[in-house]
């Protein structure tokens, strides 16, 4: 990879970062980011090629508009779009992206909400901020507090749901990009209803958990011999769980419920 192509790749990456801080079209951001990677990996010196009146090669994923910006950067060292983006926002704001775990969206929130533009300013702001049950304050002036999302954004963090925000290392997980995603309602594929021996099932909770972890059996599913037995609960998973079936529809006051070893896959 020729050293001369690195400044071009760096300029394209800066364009992508500044566009993302501006909340520009994600496809446009991605196109510039991919172009930076492609130029950085290109094996010939683009500047020497253009100065020798060679046509710019057709690079994968780079159309005419992006090719024009690459040619402009190679021949002049400048790009009109990058110059415009640098005047539209603080020139140093991309320094925030060097802070581990701080992406363009959080950099934008820090800039707009707190006026933070550099890592040094971020450190000073963090020392000056006071957080309590009413929100985030700087020198007694309220900064955020209307919503939990606003509070997190004011301190440069993504929203952490209450289920994850229990002081169990979630801040460190964010710093290293390891904060897990919660299961949402749309992730559910079915509803499995079973009973343990705590009520009228045959097996303990531990036995049922072990059965759920066991590999799927190729044996035929046991069936209850009683007529009118309800079908065993079905799950979309491939595990086998023991269920309770009865000779007639169950009611809390029914005393004739007879558990059996019906299973479902």
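The values are calculated or read from the model by the stated rules, or taken from the named source; none is laboratory data. Just so it is clear, the structure is predicted and the values come from calculations on it, not from any experiment. All Cβ positions, even for glycine, are placed from backbone atoms using ideal geometry, and neighbour counts span all protein chains on display.
Where helices (runs of 4 or more DSSP H) fall entirely within region 129-222, those with at least 3 residues that are under 30 Å from residue 93 (Cα atoms) and at pLDDT 80 or above are at 148-154.
Scanning region 81-90 for any residue that is more than 28 Å from residue 116 (Cβ to Cβ) and not assigned by TED's automatic domain parsing to the domain that holds residue 118 turns up nothing. So which residues in region 71-84 are within 31 Å of the chain's Cα centre (by Cα) and in contact (Cβ under 8 Å) with a residue 12 or more places away in the chain? 81, 82 - these are the residues of region 71-84 that are within 31 Å of the chain's Cα centre (by Cα) and in contact (Cβ under 8 Å) with a residue 12 or more places away in the chain. Just a yes or no: is a residue in region 15-38 at positive phi, touching a residue at least 12 places away in the same chain (Cβ under 8 Å) and either in contact with a helix residue (DSSP H, G or I) (Cβ under 8 Å, 6 or more places away or on another chain) or in the same structural domain as residue 70 (by TED's automatic domain parsing) (or both)? Scanning region 15-38, I find at least one residue that is at positive phi, touching a residue at least 12 places away in the same chain (Cβ under 8 Å) and either in contact with a helix residue (DSSP H, G or I) (Cβ under 8 Å, 6 or more places away or on another chain) or in the same structural domain as residue 70 (by TED's automatic domain parsing) (or both), so the answer is yes.
Residues that are surrounded by fewer than 12 Cβ atoms within 10 Å (Cβ to Cβ) and either touching a strand residue (DSSP E or B) at 6+ places or on another chain (Cβ under 6 Å) or in a loop (DSSP other than H, G, I, E, B) (or both) within region 29-56 comprise 43, 52, 53, 54, 55, listed in sequence order.
Do you know which residues across region 2-14 are surrounded by fewer than 17 Cβ atoms within 10 Å (Cβ to Cβ) and in contact with a helix residue (DSSP H, G or I) (Cβ under 6 Å, 6 or more places away or on another chain)? If you could, list the steps in order and put the result at the bottom.
At the first step, the residues of region 2-14 found to be surrounded by fewer than 17 Cβ atoms within 10 Å (Cβ to Cβ) are 2-4, 6-7, 10.
Listed by number, the list holds a single entry, 4.
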